[in-house]
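First the structure, in the form of structure tokens, and then the observations on it.
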Amino acid sequence: MKSLLAILILSLAWTGPARTSIDDRSAVEQVVRDNLKAFAAGDFAAMEGLWAHDEDLRVFESGHANQGWKDFSENHLKPELVQLKGIKVDPSDIQVRLAGKTAWVTYNYSYSLTVKEKTVSGNAVATAVLEKRAGRWLIVHSHSSSVRSSL
């Protein structure tokens, strides 16, 4: 009986981390998807809950850098949400990697939007780094750039 109990305890201990990894992997992917969905909807409040709000946040987009939540939200995100209309974002090939309380995600996406009455569409690649803070995964770094149509 003791050996059966020992085997049961060992099997639970063995599967525990794998289950946590699967749960974390799904949670990280969901944060990325929720961020893209909120961006497409122009929903700043929803996006705000997915990002770290400190000075360590870094965002690189098409050659421009933002340092910290205040810089990113005030000088990049809010103005962009006001200027861009009809945003559609379709992510693909989302790859999640985990290392403790850090995750990094690479993905591709196609987009279309209207800015100053001009429709723009294309494809892009992105990387997001997330940290698990107080039990929640938050974006601490994002880097995206459009794919060149030709060299």
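Using 0.36 nm per residue of separation minus the Cα-Cα distance, give me the extension gain between GLN95 and ARG25 in nm, one decimal. All intermediate terms of the calculation are to be shown ahead of the outcome.
Working: separation 70, 0.36 × 70 = 25.20 nm, distance 0.94 nm.
Here the segment from GLN95 to ARG25 would lengthen by 24.3 nm.
What are the principal axis extents of the Cα atoms in the chain, in Å, biggest first?
Answer, in whole Å and largest first: 74, 33, 28 Å.
So who's got an amide H within less than 5 Å of the one on GLY68, skipping anything under 5 residues away but keeping other chains? H placed 1.01 Å off N, in plane.
Hits under the 5 Å cutoff: LEU57, ARG58, VAL59.
What order do you get for 82-91, 106-115 when each peptide is scored by the mean count of other beta carbon atoms within 10 Å, highest first? The partial results should precede the final answer.
On the way: 82-91: 13.7, 106-115: 16.3.
Those peptides, ordered most packed to least, come out 106-115, 82-91.
Report the number of Lys pairs in region 2-146 whose alpha-carbons are under 22 Å apart, with separation of 8 or more residues or on distinct chains.
Value for region 2-146: 17.
Read the figures in this text as sums done on the coordinates, not as results from a lab. Given the structure is predicted, the values throughout are model-derived calculations rather than measurements. Glycine gets a Cβ as well: all are built from the backbone with ideal geometry, and neighbour counts include every protein chain shown.
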